[in-house]
Amino acid sequence: MSNAVASGETLYIQHFGNEEARSLEYYLKQMKGYTALKKAFGMKVEAIVEEMKASNLRGRGGAGFPTGTKWGFIPKESPKPKYLVCNADESEPGTFKDRDIMRYTPHLLIEGMVIGGYTIGAHIGYIYIRGEYTREAKLLQAAIDEAYAKGYLGKNIQGSGFTFDLTVHRGAGAYICGEETGLLNSLEGKRGEPRVKPPFPAQAGAFGGPTIVNNVETLAAVPHIINRGGKWFSSLGAVEKSGGTRLFCVSGHVKKPGLYELPSGGVTLRQLIYDYCGGILGDKKLKAVIPGGSSAPVLTPDEIDVVLDIEPLMKIGSMLGSAGIMVVSEDYCLVRLIWRITKFYDHESCGQCTPCREGCRWMKDILWRIENGNGRETDLPLLLDIANNINGKTLCALGDAAAGPVSSFVRKFKADFEAHIRGKRCPHAP
Amino acid sequence: MPTCTIDGRQVEFKPGENLVDAAKHAGISIPVFCYHPGLTVVAQCRMCAVEVQGIKKIQTACSTKAADGMVVSTTSEAAKQARQSVMEFLLINHPLDCPICDRSGDCDLQDNSYGHGGAYMRYTEERRTYMDLDMGPVIKKNMNRCIHCTRCIRFGAEIAGVREMVALQRSNNTEITTLDGRPLETDYAGNYADICPTGSLTLKDFRFKKRAWMVKKTQTVCEGCSKCCSIDLHWDGNTVYRTLPRENQAVNKWWICDEGRFNFHYIHDENRIIAPATRKGSAMEEKSWSEAVSSARDALKGKKVEILVGSDLTLEEAKMVQAFCRDMFPGAPISHFGTPGIKTSKDDGDADKILKRKSKTSNLHGMEKLGIQPFSALSKDAAALVFRGGRAVVPDLGSALVVGVGVFLKPQAAKFEAVLPGASFAEKDGTIINSAGMEQKLMRAVLPPGESRQMSEILMMLSRCGKGAGVA
């Protein structure tokens, strides 16, 4: 993988690819390891939350919720134990940033979790890691063992009197377990199905206790914020509301796919594709871009001057999501692509709620017919209608994630669908 | 009480109530599939979509608590459209085999489709199908009709206390089935059919016996134990077809046990004695009422008679028997019998954690209230006059001469001198007192079959005989 380091300060990417970086020794010597933790133990909990709020760190899992505010939701007093859960499920297609954090800088995550636990008053932490990340789970466990051995985890951490136990919990391979309440159900040993909200996890999460669920990249940013201040972290971002740098996962038909660490809101999609990733493979024409993991509505080549951040993308009807950017050249059939994406959501729907369970399969079946030359003119308004009947009407966000792409593909690339329907074959098929 | 506005009407609600229940107070029915007031809220069928002022997204009424000042519309375009789309989604894989479905006419899916669905079907893909395994003697499953409401899963886990119904697979392939394909274990299995909103889980005992809209319904009380659950008897002609639980928050909530549900079958038993009979040698011989009553009187004449009343009789019947005996057999001891080992209400208790009681007769507590003592043994050379409603277990009376009045099956009365057939719980009105001391009314659903008579008539005939008068 070619990792391009962007201009300006980077927090993670300089360590990626360096296998030594995952050791505690390297972390202590080269990355000021566990100094933030020492500093945090000397701070008041409220001061840490204030620092987090000042950092403008927004959740890196997809929803982009301000982390400091989220931590503030945890009730001070609770009859039940509180939990800090790291969402390392990274199941959004096109996303591969958390994997490298866990692979190369696991102690950054561990330190971030201890600080998070200290702040919200949790003594138990879980890293819920996707089942497919077997290697990363082993590496994380090795790092956790090291941290226990040196007193950075467990009882009375570094003489502070604070106890924090951290467990790696492996998932069994379900996209829906990346949804935080689906994750909590799975963590509890139940079926990986999202829960009705409210109550939100901050009120009743894991095992009924107040729980914070944060993404890997979010938690890994915490030591940086504590060490160098929320203001400094916020200044790394190029726009006011989004602090820090962001890891962008670029895949698809670009010359240099890979992970890119860039200031939040610092580049446009065009700059990322053409300046950083070297343009489209084979110098073909750009056909479409999915900007935030497969659940983000698709963008046309006319729309790529958008700044890569949460609000600008939301304004044009898409989303930054997990920053998994998938670039499609003119050589690839978009009907086949949206069929494949919908097939994924059909397969990953938990099956609880009606619109998602029934609608995803229906859309997939229609798309497969169109791709194979059996489409009808009435299929396109029908697809839009089904997508509309799913969107916003399901129990969790998976329905929206499946419906948004379908309606955006049909609306923005109608001609491609019509070519299939009228020609009774896929124009890209041999 | 706090109030909210639903469809322009001011609705009072209890704090904590959800919008479905709050709307019910105002007579507004919000359609539901997965929601059941006795089970946890999962909000997964999405049928109860409503619009709440100030919230952009459509809300599910089952998972939204009513709040003071909340303004809700169940009839806005967005809410109607959402419900219609849910109906369409639910029907695309449903076989629509209503003409041959036993649930037809008694089906939430039909009703809600009628009320909220669209008229046209846009689905042209192949329908999803499943293979079904046998679920044991009580329930027949047809997974193709299932709409994945998971009420059965929650009933098992939350009420019956057995996690036997589960969801296997996921997504569109989700299958609701028993764990490992095993037969159902709970003895409350009939409730699975009651709460199923479609024809997916039907009662083997009832299916194809009668169309649901052809039955008449009588609100009465179960006589299966001293809990006395509220039930509806469904009957037509002079036949009872099934028992359904009737909601009664003070007693059985929404449920009944299988024992109570299937208890009614004995009233149609081919061995039930429905004509007066007297002993002739080793067999019983059917007689007219006047002959049988005379024989019974003759048999008891000059004997030391002891009276046994089943604790399955109503209060009214027991009182009549008391009065009758004071008159006809002055000084004769009267005692009650019912469940072996359960002599008094102190012996009665919960038989499980759900509904069942140890006393397998309904009116043990009523008998005690009337001052009737539990039966222990007949005194030497005594003859017994036994009154029974149909459920009480007749104690071993040795070789004593016995005259039975009430409901008996042939083997139960094999050694009796005479049987005067009476009315079962479904064939009479009356009052019983349950284990909580609550008086409840039995209501007659059908007529006593054959020659059987009500207790009042039988007692009248017996007493006339006693005074030498003729009988009808």
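Of all residues in the range A:377-397, how many are in contact with a Ser or Thr (Cβ under 6 Å, 6 or more places away or on another chain) and either more than 10 Å from chain B (Cβ to nearest Cβ) or not in a helix (DSSP H, G or I) (or both)?
Adding up the residues that qualify gives 2.
Mind listing whichever residues of the range A:289-333 are more than 21 Å from the chain's Cα centre (by Cα) and either in a helix (DSSP H, G or I) or not β-branched (Val, Ile, Thr) (or both)?
A:Pro301, A:Asp302, A:Glu303, A:Asp305, A:Ser329, A:Glu330, A:Asp331, A:Tyr332, A:Cys333
Within the range B:64-78, can one find any residue that is touching a helix residue (DSSP H, G or I) at 6+ places or on another chain (Cβ under 6 Å), assigned to a loop (DSSP other than H, G, I, E, B), away from every other protein chain (no Cβ under 14 Å) and under 20 Å from B:Lys14 (Cα atoms)?
The answer is yes, given that some residue of the range B:64-78 is touching a helix residue (DSSP H, G or I) at 6+ places or on another chain (Cβ under 6 Å), assigned to a loop (DSSP other than H, G, I, E, B), away from every other protein chain (no Cβ under 14 Å) and under 20 Å from B:Lys14 (Cα atoms).
Within the range A:362-372, is there a residue that is at negative phi, in contact (Cβ under 8 Å) with a residue 40 or more places away in the chain and among the β-branched types (Val, Ile, Thr)?
Checked the range A:362-372: at least one residue is at negative phi, in contact (Cβ under 8 Å) with a residue 40 or more places away in the chain and among the β-branched types (Val, Ile, Thr).
Please go through (1) more than 8 Å from every other protein chain (Cβ to nearest Cβ); (2) out of contact with any Cys (no Cβ under 8 Å at 6 or more places or on another chain) for A:Cys333 and return the number of the only condition it doesn't satisfy.
Looking at each condition in turn, A:Cys333 falls short on (2).
Every residue in the range B:162-178 that is surrounded by fewer than 19 Cβ atoms within 10 Å (Cβ to Cβ) and either more than 14 Å from chain A (Cβ to nearest Cβ) or of a type in the set (D, E, K, R) (or both), please.
Of everything in the range B:162-178, those that are surrounded by fewer than 19 Cβ atoms within 10 Å (Cβ to Cβ) and either more than 14 Å from chain A (Cβ to nearest Cβ) or of a type in the set (D, E, K, R) (or both) turn out to be B:Val162, B:Arg163, B:Glu175.
Given the criteria away from chain B (no Cβ under 14 Å), hydrophobic (A, V, I, L, M, F, W, C) and crowded, with 24+ Cβ neighbours inside 10 Å, does A:Val328 qualify?
no
Return the residues of the range B:186-231 that are crowded, with 24+ Cβ neighbours inside 10 Å, in the same structural domain as B:Ile147 (by TED's automatic domain parsing) and within 12 Å of the chain's Cα centre (by Cα); say none if nothing qualifies.
Hits for the range B:186-231 are B:Tyr188, B:Gly190, B:Asn191.
Applying the selection to the range B:108-145, what residues are in contact with an Asp or Glu (Cβ under 6 Å, 6 or more places away or on another chain) and of a type in the set (D, E, K, R)?
B:Glu125, B:Lys141 - these are the residues of the range B:108-145 that are in contact with an Asp or Glu (Cβ under 6 Å, 6 or more places away or on another chain) and of a type in the set (D, E, K, R).
Out of the helices (runs of 4 or more DSSP H) lying entirely within the range B:282-378, which hold 3 or more residues that are at pLDDT below 95?
Details: elements: B:289-300, B:315-328, B:364-369.
In the range B:282-378, B:289-300, B:315-328 are the helices (runs of 4 or more DSSP H) which contain 3 or more residues that are at pLDDT below 95.
Output yes when any residue across the range B:48-58 is within 14 Å of chain A (Cβ to nearest Cβ), closer than 26 Å to B:Gly156 by Cβ and surrounded by 23 or more Cβ atoms within 10 Å (Cβ to Cβ), and no when none is.
First pass over the range B:48-58, keeping only residues within 14 Å of chain A (Cβ to nearest Cβ): B:48-52, B:55-58.
From the residues that got through so far, the ones that are closer than 26 Å to B:Gly156 by Cβ too are B:48.
The next check asks that each one be surrounded by 23 or more Cβ atoms within 10 Å (Cβ to Cβ); those that pass are B:48.
Yes: the range B:48-58 contains one or more residues that are within 14 Å of chain A (Cβ to nearest Cβ), closer than 26 Å to B:Gly156 by Cβ and surrounded by 23 or more Cβ atoms within 10 Å (Cβ to Cβ).
Quick check on the range B:92-112: of everything there that is more than 20 Å from B:Ile195 (Cβ to Cβ) and in contact with a helix residue (DSSP H, G or I) (Cβ under 7 Å, 6 or more places away or on another chain), which residue is farthest from the other protein chains (Cβ to nearest Cβ)?
Result: B:Pro95.
Give just the number: which of (1) among the basic types (Lys, Arg); (2) out of contact with any Gly (no Cβ under 7 Å at 6 or more places or on another chain); (3) surrounded by 17 or more Cβ atoms within 10 Å (Cβ to Cβ) does B:Lys358 not satisfy?
(2)
For the structure I just gave you, tell me whether B:Ser435 is of a type in the set (Ser, Thr, Tyr), over 20 Å from the mean Cα position of the chain (by Cα) and farther than 15 Å from B:Phe337 by Cβ.
In short, no.
Consider A:Lys255 carefully, then state whether it is in the same structural domain as A:Ala323 (by TED's automatic domain parsing), surrounded by fewer than 19 Cβ atoms within 10 Å (Cβ to Cβ) and of a type in the set (Lys, Arg).
Yes, satisfied.
Output the qualifying pairs, or none if there are none: Cβ atoms under 6 angstrom, residues six or more apart or on different chains, first residue in the range A:185-213 and without any contact (Cβ under 8 Å) to a residue 40 or more places away in the chain, second residue assigned to a loop (DSSP other than H, G, I, E, B) and of a type outside the set (Val, Ile, Thr).
A:Asn185/A:Gly192; A:Asn185/A:Glu193
Looking at B:Ile139, B:Ile159, can you tell me which residue is in contact (Cβ under 8 Å) with a residue 40 or more places away in the chain, touching a helix residue (DSSP H, G or I) at 6+ places or on another chain (Cβ under 6 Å) and away from chain A (no Cβ under 14 Å)?
Residue meeting the stated conditions: B:Ile139.
Please go through (1) assigned to a loop (DSSP other than H, G, I, E, B); (2) surrounded by fewer than 21 Cβ atoms within 10 Å (Cβ to Cβ); (3) in contact (Cβ under 8 Å) with a residue 12 or more places away in the chain; (4) not aromatic (Phe, Trp, Tyr) for B:Asp396 and return the number of the only condition it doesn't satisfy.
It is condition (3) that B:Asp396 fails.
I want to confirm something. Restricting to the range A:343-376 and keeping residues that are at the interface with chain B (Cβ under 10 Å from one of its Cβ atoms) and of a type in the set (Asp, Glu), which single residue is surrounded by the most Cβ atoms within 10 Å (Cβ to Cβ)?
That would be A:Glu358.
The values are calculated or read from the model by the stated rules, or taken from the named source; none is laboratory data. Just so it is clear, the model here is predicted, and its values are computed rather than measured. We place every Cβ from the backbone using ideal geometry, glycine too, and count neighbours over all the protein chains shown.
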